[in-house]
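Participant: Questions regarding the structure given below will be posed in turn.
The values are calculated or read from the model by the stated rules, or taken from the named source; none is laboratory data. Bear in mind that the values here come from a model prediction, so they are computed numbers and not experimental data. A quick note on method: Cβ atoms are made from the backbone with ideal geometry, for glycine too, and the neighbour counts reach across all protein chains shown. To get the accessible areas, we keep the full protein, side chains included, count just its heavy atoms, and leave off ligands, DNA and RNA. Shrake-Rupley method; radii C 1.70, N 1.55, O 1.52, S 1.80 Å.
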Amino acid sequence: MMNRRQLLGAGAAGATLVSSKAWGQTMNMGLPEAAVMDSALTQSPTRPTSGPDYNPVVTLNGWTLPHRMNNGVKEFHLVAEPVERELADGMVARLWGYNGQSTGPTIEAVEGDRVRIYVTNRLPEHTTVHWHGLILPSGMDGVGGLSHPGIPPGKTFVYEFDLTKSGTFMYHPHGDEMVQMAMGMMGMFVVHPKDPDFMRVDRDFLIMLNAFDIDPGTYIPRIMTMTDFNLWTWNSRIFPDIDPLVVNQGDKVRVRVGNLTMTNHPIHMHGYDFKVTCTDGGWVPESAQWPEVSIDIPVGAMRAYEFVADHLGDWAIHCHKSHHTMNAMGHDVPTLIGTSSSNMTRQVRRVQPEFMPMGTAGMADMGEMSMPLPDNTVSMMAGWGPHGPLEMGGMFSVVKVRQGIDADDYEDPGWYENPPGTEAYEWTGELPDFAQNHSPKTQITPKPTSEG
Ligand SMILES: [Cu+2]
């Protein structure tokens with residue numbers, strides 16, 4: 001649900017940022033309303049009501065910031081503030097974000113637009129907004145202390161520039177950046193082409209890769225973590241509560257993926273090959289688009305790919321670093337595969353009666369295990385599919401390709417039913433000796449055989 005609020009008493013410090021004429025016009029209108037989102041679910045795309053037509057983007061578990069027109073200028077109002085974000089059902093994080101959520105709302109506009117973006121700072125410290133990838137005047141670039149002074153708490157600054165090119169860009173603070181990005185401050189900025197037919201697709205999904213380090217049972221990210229994060233998120237959401245990418249068969253589909261984490265993420269999509277069509281530097285000419293099934297998204301970069309959704313089914317889409325498809329886990333756990341844990345278990349249970357050893361056969365039982373969890377966390381390998389536990393978490397979702405899905409319908413159609421004869425099945429004939437599992441144990445030290 002979106003609601004609106006007027007920010008009464010928000011200070012205006014724009015005089016040094018815009019010309020006095022522009023500022024005079026702006027003052028007459030007052031500040032634009034600042035829309036707030038209170039839901040972490042995917043919101044329907046916002047179709048344009050004026051100006052050139054475009055196919056709006058769908059931000060997974062996110063929304064698009066409304067704007068108003070003021071004398072031909074598109075005006076937006078971002079509010080940097082502490083937020084509560086549901087990372088998953090049963091897990092809330094206390095983050096910093098924009099307009100009620102982290103990640104912040106997507107900003108959508110059209111090539112050739114002039115935009116005026118009010119940024120109100122309700123954080124306890126200064127902030128700025130840097131417009132990653134956009135071509136703009138140096139003083140609008142949002143690097144605190146370099147482009148302009150930081151926005152003090154309680155103040156509102158105004159950014160204003162022309163959108164000279166279309167593409168996919170990002171926004172994030174460039175003031176106490178390490179802390180503010182670790183706290184969840186980031187969003188995406190999509191500029192649609194002026195020509196509605198240029199690079200047109202039927203479905204256009206947005207994913208921002210981000211990461212947090214939140215100890216189970218706590219609410220606030222550890223801001224000093226450099227690489228060993230324990231929650232790998234898309235738009236500040238973890239599987240199984242990342243919404244699916246719902247697609248009608250035959251649709252031309254684009255997926256735009258931005259990365260503001262501290263490591264690269266090879267995003268792999270099953271069932272299709274696709275072409276890389278855009279980076280945050282611009283569109284890739286058709287002759288230079290290259291095919292992929294996994295695309296590495298470097299740190300501080302965006303990659304968009306496209307495909308035609310010919311193949312019906314439920315297709316996994318995920319980061320290919322396997323630790324990034326797990327939820328909150330510690331990495332300093334010893335490997336117990338092949339060991340006998342019963343003696344150790346007995347000893348540990350004397351001091352911790354609920355102790356359960358993990359990883360003696362593998363970790364496949366984690367999804368089903370009902371270990372007592374502390375408050376405010378989710379299990380490591382969660383998610384159920386139509387055929388049992390999915391054993392996935394973190395950066396994972398499902399592309400659901402179906403027939404007869406309406407243009408603006410993104411509702412989960414449920415699980416795909418594989419047509420008869422198209423699903424892997426069990427061999428029920430005789431099993432020869434070599435194929436039988438006589439000893440389901442991993443031998444740590446192979447035993448000498450009688451032959452030698
Ligand atoms: Cu990853």
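Participant: Mind listing whichever residues of region 84-100 are open to solvent by 10 Å² or more (accessible area, probe 1.4 Å) and assigned to a strand (DSSP E or B)?
Facilitator: The initial filter retains those residues of region 84-100 that are open to solvent by 10 Å² or more (accessible area, probe 1.4 Å), namely 84, 86, 89-90, 92, 94, 96, 100.
Result: GLU84, GLU86, VAL92, ARG94, TRP96.
A quick yes/no check of all residues on (1) of a type in the set (S, T, N, Q); (2) free of Cβ contacts under 8 Å to residues at least 40 places away in the same chain:
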site	(1), (2)
GLU75	no, no
ARG85	no, no
THR103	yes, no
ARG114	no, no
ILE117	no, no
ARG122	no, no
GLU125	no, no
PRO149	no, yes
TYR159	no, no
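Participant: Sticking with this structure for a sec: If TYR118 satisfies every condition in (1) part of a strand (DSSP E or B); (2) open to solvent by 30 Å² or more (accessible area, probe 1.4 Å) but one, which is the exception?
Facilitator: (2)
Participant: Next up: Identify the residue in region 257-302 that is within 16 Å of the ligand (Cβ to nearest atom) and of a type in the set (Ser, Thr, Tyr) and, among all such residues, is nearest to the chain's Cα centre (by Cα).
Facilitator: My answer is THR261.
Participant: Now for a separate question. Within region 206-223, count every residue that is assigned to a loop (DSSP other than H, G, I, E, B) and within 16 Å of the ligand (Cβ to nearest atom).
Facilitator: Quick first cut of region 206-223, residues assigned to a loop (DSSP other than H, G, I, E, B) only: 213-223.
In the following step, the residues that additionally are within 16 Å of the ligand (Cβ to nearest atom) were identified as 213.
The qualifying residues number 1.
Participant: Is it fair to say MET183 is open to solvent by 10 Å² or more (accessible area, probe 1.4 Å), touching a residue at least 24 places away in the same chain (Cβ under 8 Å) and in contact with a strand residue (DSSP E or B) (Cβ under 9 Å, 6 or more places away or on another chain)? First the steps, then the outcome.
Facilitator: On the way: open to solvent by 10 Å² or more (accessible area, probe 1.4 Å): yes; touching a residue at least 24 places away in the same chain (Cβ under 8 Å): yes; in contact with a strand residue (DSSP E or B) (Cβ under 9 Å, 6 or more places away or on another chain): yes.
When the stated conditions are applied, MET183 passes them.
Participant: Take the conditions modelled with pLDDT of 70 or more, away from the ligand (no atom under 16 Å from the Cβ), of a type outside the set (Gly, Ala, Ser) and assigned to a loop (DSSP other than H, G, I, E, B) and apply them to THR377. Does it pass?
Facilitator: On the way: modelled with pLDDT of 70 or more: yes; away from the ligand (no atom under 16 Å from the Cβ): yes; of a type outside the set (Gly, Ala, Ser): yes; assigned to a loop (DSSP other than H, G, I, E, B): yes.
Here the answer is yes, as THR377 does meet what is asked.
Participant: Step by step: first the residues of region 224-242, then only those that are of a type in the set (D, E, K, R) and surrounded by fewer than 24 Cβ atoms within 10 Å (Cβ to Cβ), then the one that is farthest from the ligand (Cβ to nearest atom). Which residue is that? Talk me through it step by step, then tell me what you get.
Facilitator: Step one: filter region 224-242 for residues of a type in the set (D, E, K, R), giving 228, 237, 241.
Still in the list and also surrounded by fewer than 24 Cβ atoms within 10 Å (Cβ to Cβ): 228, 241.
Working: ASP228: 13, ASP241: 17 Å.
Looking at the filtered set, the residue picked out is ASP241.
Participant: Check every one of the strands (runs of 3 or more DSSP E) wholly within region 263-303 and list those with 1 or more residues that are in contact with a Gly (Cβ under 9 Å, 6 or more places away or on another chain) and either free of Cβ contacts under 8 Å to residues at least 12 places away in the same chain or of a type in the set (A, V, I, L, M) (or both).
Facilitator: On the way: elements: 265-269, 274-279, 294-297.
Strands (runs of 3 or more DSSP E) meeting the threshold: 294-297.
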